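Here is the structure we will look at.
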Amino acid sequence: MYKYDHYDRKIVNQRVDQYEDQLNRYFNKELTDEEFRPLRLQNGLYIQRHAPMLRVAIPYGLLSSNQLRTLADIADEFDRGYGHFSTRQNIQYNWPKLEDTPKILRKLADAEMHAIQTSGNCIRNITTDPYAGVTPDEIVDTRYIAEILRQWSTFHPEFALLPRKFKISISGSKHDRALVKTHDIGLELVKEQENLFVNVFVGGGLGRTPVIGQLLKEKLPIEHLLSYCESIIRIYNLYGRRDNMYKARIKILVKALGVESFKKQVEDDWNNGKNSSNHLNDKEINRVKQFFTSPNYETVESIDLEDQFRDDHNFLHWIKRNTREHIKNGYRSVTISLKGKKQTAPGDIQSSEMRVVADLADQYSFGEIRSTHEQNLVLADVKEKDLYDVYSALCENNLGEANIGLITDIICCPGGDFCSLANAKSIPIAKSIDNLFDNYDFLFDIGTISLNISGCMNACGHHHVGNIGILGVDKDGSEWYQITLGGQQGVNATLGKVIGPSFSADEVPAVIKEILNVYVAQRDSEEELFIDCYNRIGLDPFKEAIYKN
Amino acid sequence: MDTQLIKNKELILNDWFWVVPDTSNEEVKKQAGKVVQFKLTGEDFPSDGTLHNVTFPEAEKVIVPLRLYLLKTDEIKKKYKEYGIWIYSHDELDLFNHLKEDINSFPVVGVYVEKFADGRIYSLGNLIRRKLSYKNDLRALGDVFKDQLFYLARSGFDSFLIKEGYDAKKALLGLDDFSYSYQGTLNQMPLWNER
Ligand code: HEM
Ligand code: SF4
């Protein structure tokens with residue numbers, strides 16, 4: 001993974017100095033609340049219901065074991081012993097003290113981490129496929145391009161104060177696991193005769209106005225990646241709305257201008273400046289690429305786990321759901337579920353559990369961990385012969401939930417328990433749905449399905465792209481939940497459709513159960529996934545069943 | 001004369017009189033509900049009436065709004081020894097096309113931000129340098145203080161009029177917030193060139 005040199009270290013340390021000075025000036029009343037706000041946000045600091053919330057960047061979801069231990073230490077020393085993995089591969093602390101934040105940032109800097117641009121109206125953490133570099137369907141490894149983008153976007157002088165936040169994501173595989181079509185800029189890397197190109201999507205996003213991104217530029221040669229992104233963001237910076245924060249994202253600008261007219265403006269600017277100093281060259285691409293070469297894989301035989309562990313159903317369930325194919329024979333990637341019965345909220349992790357994961361990474365997976373936008377963790381390179389040991393260790397520490405991609409692998413925002421913008425709570429809804437499934441058989445019978453919950457239309461839980469989406473709404477001051485069906489992420493990204501009038505919190509579990517019953521009754525075989533069944537039969541059968549009473 | 005002006009990494013005496021039309025009596029026009037004229041993002045410019053009523057100060061050097069300059073070119077040329085122009089952050093770059101003279105005949109061009117969080121100023125700096133090839137003093141005006149200076153300097157600005165009431169000496173230090181920058185700009189190569 002990327003290692004800091006003295007330049008990176010200096011930049012991150014100077015950022016902490018800068019922030020400390022800003023905080024002091026704020027305490028001395030030399031900066032008003034309004035002035036300090038964008039400054040603290042760009043350091044990941046929100047002021048929330050209970051306390052400030054600090055969001056720490058995990059660039060493209062990649063962490064070393066020592067970095068994870070640092071995160072655990074911070075949780076113990078400055079928070080309440082836990083952290084929360086977010087849907088953009090970052091980690092959040094819910095209880096730090098404002099005056100402690102410079103100390104936390106220094107600790108992070110010592111471990112080559114930071115909270116730069118994790119919030120605020122700037123280019124945010126670049127996200128990508130958590131299985132980059134190890135997934136068999138990969139065309140191009142996205143990690144080094146993500147690192148190049150991280151550096152380019154860090155303190156980009158022109159884009160420090162955009163109309164609104166700006167999210168970029170990259171995918172380099174046949175299956176898009178990076179949600180490129182629901183990002184402000186989505187980048188799809190492709191290869192032709194060893195030359196790299198980028199398909200550039202623009203204007204996707206969820207939030208109050210969910211939009212699927214549109215293809216702006218096909219096959220852009222990689223050396224123009226930075227200058228092209230600059231032109232897009234420049235046009236957005238100048239013309240994106242600043243008078244109404246709900247209409248300020250680039251998707252609204254692209255819609256208002258029309259994608260063709262937007263493109264014309266971008267290309268006019270780009271043609272004038274494409275040979276800017278940020279024209280990428282092979283030397284730089286290769287310099288960064290060498291940080292992401294394959295680890296020293298051993299030559300090992302593949303093992304028939306099904307046969308060897310034929311009596312251990314729980315283990316085989318876990319293998320089926322929580323591990324996936326690897327480019328290297330005899331290896332698999334392990335996804336650790338943070339959605340177990342013991343987790344207080346989806347994505348939450350105790351400091352002790354972080355240390356367990358860090359140790360397992362050291363012992364079995366080259367000391368690296370990745371975070372996923374589904375709020376889970378990944379050990380990307382585990383030998384098949386070690387899987388049972390890894391599984392056992394995870395089980396001993398309440399991390400052995402075998403539910404990746406199943407309905408209890410819920411993506412959920414902090415909601416009304418923590419967030420001041422919420423219409424409704426979301427964590428208790430996740431818990432009540434989780435409680436429907438006390439045995440694996442029903443869970444496994446339902447199979448792959450996604451369920452996403454957001455406490456308000458800001459859509460932090462990505463409810464629009466959940467096969468089942470739950471959205472907290474406010475009706476006359478009380479909490480209600482609107483349900484959508486048919487949302488999907490990936491190459492065929494689709495937004496879910498509202499099923500009908502909303503429900504109270506008590507009703508939600510029964511409604512979910514009814515939806516699943518309809519699916520089980522209507523599927524043409526056990527192989528037909530929920531989403532395929534839904535696409536075949538449509539909304540009506542679900543609607544009828546739910547509202548018949 | 002105040003000492004809020006930073007140029008060439010120094011505080012210098014500001015002998016430029018900055019002319020700002022008083023728009024406080026103007027009726028605020030509500031933006032139409034639809035996003036028709038996107039580029040204006042809802043903000044108004046001083047009306048011709050307001051511009052006509054601007055009283056010209058007794059000074060040697062002034063910076064006047066480009067809109068005012070276009071309206072009263074002759075008067076300004078006659079009255080002042082030196083004059084510069086400034087635009088609002090919601091002005092379009094095209095406004096400069098109305099100038100009969102070369103933009104480089106102005107010793108100072110300013111961009112005004114009403115609010116610190118308005119980041120358009122940075123892109124305007126880039127465009128004024130790159131598209132209009134402006135070579136002289138590019139000045140940031142308005143809600144400008146320490147925390148923008150590093151970025152402004154890298155977006156083509158070379159002087160900064162620090163907002164009244166803000167410590168300009170401290171602000172000066174903002175120019176040195178970072179020793180290195182990853183990305184290149186119009187006049188700086190990216191860090192990767194050094195690595
Ligand atoms: C508790 C504090 C939080 C607050 C106040 C908050 C606020 C917001 C707001 C206002 C938006 C909408 C922005 C827009 O549409 O322009 C948003 C979007 C988003 N938030 Fe949060 N959020 C919080 C926590 C989280 C957490 C914990 C996660 C991850 C689990 C998260 C992930 C996201 C994502 C992914 C989006 C983007 C949705 C999109 O594509 O538009 N947020 N957040
Ligand atoms: S979706 Fe709404 S309730 Fe949930 S975290 Fe985001 S802003 Fe808060």
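Yes/no matrix, rows are residues, columns are (1) within 14 Å of chain B (Cβ to nearest Cβ); (2) within 16 Å of ligand 1 (Cβ to nearest atom); (3) surrounded by fewer than 21 Cβ atoms within 10 Å (Cβ to Cβ); (4) acidic (Asp, Glu):
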{"position": "A:76", "(1), (2), (3), (4)": "no, no, yes, yes"}
{"position": "A:81", "(1), (2), (3), (4)": "no, no, yes, no"}
{"position": "A:86", "(1), (2), (3), (4)": "no, yes, no, no"}
{"position": "A:94", "(1), (2), (3), (4)": "no, yes, no, no"}
{"position": "A:102", "(1), (2), (3), (4)": "no, no, yes, no"}
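Inside the range A:415-451, residues that are within 16 Å of ligand 2 (Cβ to nearest atom) and either at pLDDT 90 or above or of a type outside the set (A, V, I, L, M, F, W, C) (or both) make up a count of 15. Give the residue that is farthest from residue B:191 (Cα to Cα), with candidates limited to residues of the range A:296-305 that are at pLDDT below 95 and surrounded by 15 or more Cβ atoms within 10 Å (Cβ to Cβ). In this case the residue turns out to be A:305.
Can we say residue A:478 is away from ligand 1 (no atom under 16 Å from the Cβ), among the hydroxyl-bearing types (Ser, Thr, Tyr) and either more than 14 Å from chain B (Cβ to nearest Cβ) or more than 20 Å from residue A:542 (Cα to Cα) (or both)? Criteria met by residue A:478. Of the residues A:539, A:471, A:529, only one is away from ligand 1 (no atom under 16 Å from the Cβ) and under 30 Å from residue A:89 (Cβ atoms); which? One residue alone meets the criteria, A:529. Would you say residue A:316 is open to solvent by less than 20 Å² (accessible area, probe 1.4 Å), part of a helix (DSSP H, G or I) and either within 14 Å of chain B (Cβ to nearest Cβ) or away from ligand 1 (no atom under 16 Å from the Cβ) (or both)? For residue A:316, the condition - open to solvent by less than 20 Å² (accessible area, probe 1.4 Å), part of a helix (DSSP H, G or I) and either within 14 Å of chain B (Cβ to nearest Cβ) or away from ligand 1 (no atom under 16 Å from the Cβ) (or both) - is not met.
Let's see how each residue does on (1) in contact (Cβ under 8 Å) with a residue 12 or more places away in the chain; (2) β-branched (Val, Ile, Thr):
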residue	(1), (2)
A:196	yes, no
A:209	yes, yes
A:228	yes, no
A:233	yes, yes
A:236	yes, no
A:256	no, no
A:260	no, no
A:280	yes, no
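Tell me whether the range A:209-218 contains one or more residues that are crowded, with 23+ Cβ neighbours inside 10 Å and within 27 Å of residue A:495 (Cβ to Cβ). Scanning the range A:209-218 turns up at least one residue that is crowded, with 23+ Cβ neighbours inside 10 Å and within 27 Å of residue A:495 (Cβ to Cβ). Comparison of A:142, A:209 shows that the only residue that is within 16 Å of ligand 2 (Cβ to nearest atom) and hydroxyl-bearing (Ser, Thr, Tyr) is A:209.
Could you grab me the full set of residues in the range B:153-167 that are modelled with pLDDT under 95 and touching a Ser or Thr at 6+ places or on another chain (Cβ under 7 Å)? Across the range B:153-167, there are no qualifying residues. Looking across the range A:42-74 at every residue that is open to solvent by 40 Å² or more (accessible area, probe 1.4 Å) and away from ligand 2 (no atom under 16 Å from the Cβ), the one that is nearest to residue A:362 (Cα to Cα) is identified as A:66.
Per this entry, residue A:446 is not counted among residues that are touching a strand residue (DSSP E or B) at 6+ places or on another chain (Cβ under 6 Å) and buried (at least 17 other Cβ atoms within 10 Å of the Cβ). The single residue among A:160, A:178 that is among the small types (Gly, Ala, Ser), more than 14 Å from chain B (Cβ to nearest Cβ) and surrounded by 24 or more Cβ atoms within 10 Å (Cβ to Cβ) turns out to be A:178.
The values are calculated or read from the model by the stated rules, or taken from the named source; none is laboratory data. Values in this document were obtained by computation on a predicted structure and should not be read as measured data. Glycine gets a Cβ as well: all are built from the backbone with ideal geometry, and neighbour counts include every protein chain shown. Note: areas computed on protein heavy atoms with side chains; ligands, DNA, RNA excluded. Shrake-Rupley method; radii C 1.70, N 1.55, O 1.52, S 1.80 Å.
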